[in-house]
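Sharing a structure here in structure tokens format.
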Amino acid sequence: MLEKFSAAPLLAVVGGGAVGLVCALAAVDDGWRVQVYDAGPQRRAAQVAGGMLGCLGEARPGEEPLLAASAASVAHWPALLRRLDDPEVSVADDTLLVAADVADRAYLDEAVAGARGVAGAAIEELSGTGLRGLEPGLTRPAVGGYRLVGEGAVDNRRLLRALRAALTSAGAELIDQHVTDPVALPADQILVASGLDSGAVLPGGLDGLRGEKGEILRLRRTTWSVAPPRQVVRARWRTRNVYLVPRADGVVVGATQYEALDVDDRSPQAGGVADLLADACEVFPGLRTYELTEAAAGIRPMSADGLPIVRRIDERLLVAAGHGRNGIALAPGTSRRVLELLGAGAHGERARARREERSAR
């Protein structure tokens, strides 16, 4: 007869987006029983995203700590993709940085210079001709840029489905419920990872958390269309930023970014959609024959310093929020920090014992 397992502690995760689900999967693998409370796709920042695993491509002057955190987290993405065992989650392996003119190229040069030695991607400088050799669909006026080898992307919605499937297979419980009082949940430990909603449900709120709105477009290839790019294309195009991320049936175009005056307003603005379409079709002219299948807006949860807020609130309650535009890229690193916080007490010891018993079995 097999020995009876010792009872594993229960972790309740409030939030069904990328950060919450990745943390939940890491906890299951670490021996915890897990319940995930999901308020639905309309509240997820990850639902409206390009899915870029961006380090250097996200580099901005003054954001070196965020770049370092992103690079450290992205280094764990290959292991997470193997854990999910769904080859269609990954959609690109590399990124091209593309400049429209000399001023835009200077902007990219400054960003790359400041990021060298921090990001994990190998950096290859390219002329406009070199860029088009890698992506023939790029426009001829591009003056040049860079190739970031190893800085890829995932299909954000396929990722969420794969994470839910992996959690279900591992025995976690997924509960479709909007939680307003996490402290009332019957769990040993509670992780609030519900994006911008985190501040509303935590006792006492969460200082420094604010929302930034952004539009994103989905374009679908037709029978007569050229193929979508094989790599992520991040263009600095006449002082504006636009990115193209391949999907199995087309491309995701993004993204605008501005202060959210109403955090419940997820309606795309005409101006943002028009700018994205205009820039995308200039960067990759073949997109003019694609079908516009979705124009959506999401609210990104931003912290005061741009770094995610991952810490204990009290002996039972934790928070992981404020990941901004890098939530998907930062999710594995966040999960490792959450496991450190969970493992510091008696519940963590019980979880590890449960994992060891399960492995022995």
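What longest range of the chain stays clear of loop-exposed GluC sites (Glu not before Pro) (DSSP non-H/G/I/E/B, at most 15 other C-beta within 10 angstrom)?
89-314
Please get the size of the charge dipole for the stretch 128-207, origin at its Cα centre, with Cβ charges of +1 on Lys and Arg and -1 on Asp and Glu, quoted in debye to the nearest 20.
That gives the stretch 128-207 a dipole magnitude of about 720 debye.
Can you compute 3J(HN,Hα) from phi for each residue in the stretch 185-193, using the Karplus curve 6.51 cos²θ - 1.76 cosθ + 1.60 with θ = phi - 60°, rounded to whole Hz and x for Gly and Pro?
5, x, 9, 6, 9, 10, 10, 9, 9
Tell me which of 166, 142, 195 sits at the most positive position along the dipole axis of the stretch 138-215, charges placed on C-beta atoms (Lys, Arg +1; Asp, Glu -1).
Highest projection toward the positive end goes to 142.
Okay, next question. Which semi-axes, in whole Å and largest first, does the equivalent ellipsoid of the stretch 144-248 have when worked out from the alpha carbon gyration tensor as the square roots of 5 times its eigenvalues? Mind dumping the intermediate values first?
Numbers: eigenvalues 266, 89, 35 Å².
After diagonalising the Cα gyration tensor, the semi-axes are 36, 21, 13 Å.
Quick check: at a probe of 1.4 Å, how many percent of the accessible area of the chain sits on carbon and sulfur atoms?
After summing per-atom areas, the C and S share lands at 51 percent.
Using modelled backbone amide H atoms (1.01 Å from N, in-plane), which distant-in-sequence or interchain residues come within less than 5 Å of residue 247's amide H?
Distant-sequence amide H within range of residue 247: 252.
Return one number: the angle in degrees, 0 to 90 and rounded to the nearest 10, between the long axis of the Cα atoms of helix 346-360 and the longest principal axis of the Cα atoms of the chain.
The answer is roughly 80 degrees.
Okay, next question. How far is helix 18-29 tilted off the main Cα axis of the chain, in degrees rounded to 10, range 0 to 90?
The helix 18-29 is inclined about 40 degrees to the chain.
Next question. Out of [x] 45, 21, 17; [y] 31, 28, 19; [z] 37, 21, 19, which label holds the value of semi-axes √(5λ) of the Cα gyration tensor in Å that was computed here?
From the options [x] 45, 21, 17; [y] 31, 28, 19; [z] 37, 21, 19, the structure gives [z].
Take the chain, connect every pair of alpha-carbon atoms lying under 10 Å apart with a spring to form a Gaussian network, then pick out the residue of 145, 130, 327 with the largest mean-square fluctuation.
Of 145, 130, 327, the most mobile in the Gaussian network model is 130.
Right, another one. Mind listing which trypsin sites (Lys or Arg not before Pro) in the stretch 17-116 are in a DSSP loop and have 15 or fewer other Cβ atoms within 10 Å?
116
On C-alpha positions alone, give me the angle between the axis of helix 270-283 and the longest principal axis of the chain, in degrees, nearest 10.
60
For a quick check of your reading of the filter: which chymotrypsin sites (Phe, Trp or Tyr not before Pro) in the stretch 217-283 sit in a DSSP loop and have no more than 15 other Cβ atoms within 10 Å?
224
Still on this structure, I have one more. Using the scaling law 2.2 N^0.38 Å as the reference, what is the normalised Cα Rg of the stretch 283-323?
Ratio of Rg to 2.2 N^0.38 Å for the stretch 283-323: 2.10.
Calculate how many DSSP beta bridges within the chain are antiparallel, expressed in % of all such bridges and rounded to the nearest 5.
DSSP beta bridges in the chain are roughly 70 percent antiparallel.
I'd like to know which of 219, 100, 65 lies farthest towards the positive end of the charge dipole of the chain, counting +1 on Cβ of Lys and Arg and -1 on Cβ of Asp and Glu.
Positive-end residue among those listed: 219.
Let me spell out the model: positive unit charges on the Cβ of Lys and Arg, negative unit charges on the Cβ of Asp and Glu, origin at the Cα centre of the stretch 222-353. What dipole size does that give, in debye rounded to 20?
Value, rounded to 20: 580 debye.
Here's a follow-up. Please compute the contact order of the chain in relative form: average sequence separation of alpha-carbon pairs under 8 Å and at least six residues apart, divided by the residue count, as a percent.
Numbers: 823 pairs, mean separation 96.5, N = 361.
This gives 27 percent for the chain.
If you put +1 on each Lys and Arg Cβ and -1 on each Asp and Glu Cβ, how big is the dipole of the chain around its Cα centre, in Debye rounded to 20?
640
Sticking with this one: Take the alpha carbon atoms of the stretch 238-265, find their center, do the same for the stretch 135-161, and report the distance between the two centers in whole angstrom.
So the two Cα centres are separated by 14 Å.
Here's another thing I want to ask about it. Taking the chain as a Gaussian network, where each spring joins two C-alpha atoms under 10 Å apart, which residue of 114, 16, 324 fluctuates the most?
114
Where does the chain land at 222 nm, in deg cm²/dmol rounded to the nearest 500, when only DSSP H runs of n ≥ 4 count, each adding -39500 (n - 2.57), divided by all residues?
-10000 deg cm²/dmol
The values are calculated or read from the model by the stated rules, or taken from the named source; none is laboratory data. Keep in mind that what you see is a predicted model, and the values were worked out from it rather than measured. Don't worry about glycine lacking a Cβ; one is built from the backbone with ideal geometry, like all the others, and counts go over all protein chains shown. With ligands, DNA and RNA removed, areas are computed over all heavy atoms of the protein, side chains included. Shrake-Rupley method; radii C 1.70, N 1.55, O 1.52, S 1.80 Å.
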